[in-house]
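Read the structure below first, then the notes.
Here, each number is a calculation from the coordinates, and none is a lab measurement. Nothing here was measured: the structure is a model prediction, and the numbers come from that model. Cβ sites come from the backbone with ideal geometry, for glycine too, and all protein chains shown count toward neighbours.
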Amino acid sequence: MSAPEGPPDEATPAGRGGVRQVVGEDFSLAESIGGLRGVLESVAPGAVFVAVFVAEGGLTAPLVASLAVALVLVVARLVGGTPITQALGGLLGVGVGVVWAWRSGQAQDYFAFGLWTNAAYAAALLVSLLVRWPLVGVVVALLRQEGSTWRADPWRRRRYTAATWLWVALFVARLAAQLPLYLQAEVAWLGTARLVMGVPLWALTLWATWVLVREPAAAAAPPDPAPPQR
């Protein structure tokens with residue numbers, strides 16, 4: 001739920017405080033996606049790669065352009081004195097994508113790391129469900145610093161299990177839509193699918209998780225008894 005996926009157009013917004021939204025009293029869409037800067041850092045390198053690839057038709061120019069954009073985003077954070085963790089994670093993901101595509105000579109391999117990461121997340125979540133330790137429950141318990149007490153609460157177990165299935169669905173949906181495009185070398189459509197299924201689906205799934213795992217409202221206290229009549 002919290003680590004970058006590679007080229008950051010589909011990264012899970014690490015460092016945005018996004019995951020911590022699930023244990024908040026209220027849900028902030030802006031914080032879950034890292035605000036305008038977070039969205040820009042997520043989509044810009046991948047969008048530039050696709051745009052330059054479509055315009056130029058080659059491989060070198062889009063790879064250089066994407067890497068340059070990721071570097072500029074890191075420098076912008078350094079100049080502004082803001083934390084660079086997210087931008088560095090994005091730069092690392094872009095770097096892996098650039099190296100893979102450069103070595104293979106296939107533009108679609110720019111997105112291969114993201115596909116592998118989606119598959120790894122889906123597998124980890126499924127294993128957690130099979131062993132009856134739904135990963136959302138583990139993460140929420142860590143954020144709330146409540147240990148494993150949630151496992152003795154049927155309400156929480158059901159909710160955490162349902163939320164974990166939501167994340168499985170997210171990663172499997174990405175693979176189902178994008179893997180055929182990767183295998184067919186449909187680079188433009190693959191890049192577009194990653195943009196569409198990146199930040200928007202991340203934010204929607206995070207909000208749905210918050211709805212499922214937030215604590216039920218405490219029962220209203222009974223009104224004070226009326227004073228006796230004199």
Most fluctuating residue given options Gln106, Gln178, Gln86, as computed from a GNM of the chain linking Cα atoms under 10 Å: Gln106
Ranked by how many other beta carbons lie within 10 Å on average, peptides 196-209, 66-79 from highest: 196-209, 66-79
Relative contact order for the chain, counting Cα pairs under 8 Å that sit 6 or more residues apart, in percent: 27 percent
Most positive-pole-ward Cα, Val79, Leu179, Ala163, against dipole of the chain from beta carbon charges: Ala163
Most fluctuating residue given options Pro62, Pro134, Pro83, as computed from a GNM of the chain linking Cα atoms under 10 Å: Pro83
Most mobile listed residue (Arg20, Arg37, Arg159) in the chain, GNM with C-alpha springs under 10 Å: Arg37
Positive-end extreme of charge dipole, the chain - chosen from Gly105, Pro200, Trp210 (charges on Cβ): Trp210
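Mind checking the dipole of the range 111-224: about its Cα centre, +1 per Lys or Arg Cβ, -1 per Asp or Glu Cβ, Debye to the nearest 20?
On the way: 10 positive and 5 negative charges, 45 e Å.
Value, rounded to 20: 220 debye.
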Most positive-pole-ward Cα, Val50, Val138, Gly34, against dipole of the chain from beta carbon charges: Val138
Scattering curve values for the range 79-230, log₁₀ I(q)/I(0), Debye with Cα scatterers, q = 0.10, 0.11 Å⁻¹: -0.52, -0.60
Tilt relative to the chain, helix 154-183 - C-alpha long axis, 0 to 90 degrees, to 10: 10 degrees
Contact order relative to length of the range 13-113, as percent, for alpha carbon pairs under 8 angstrom and 6 or more apart: 22 percent
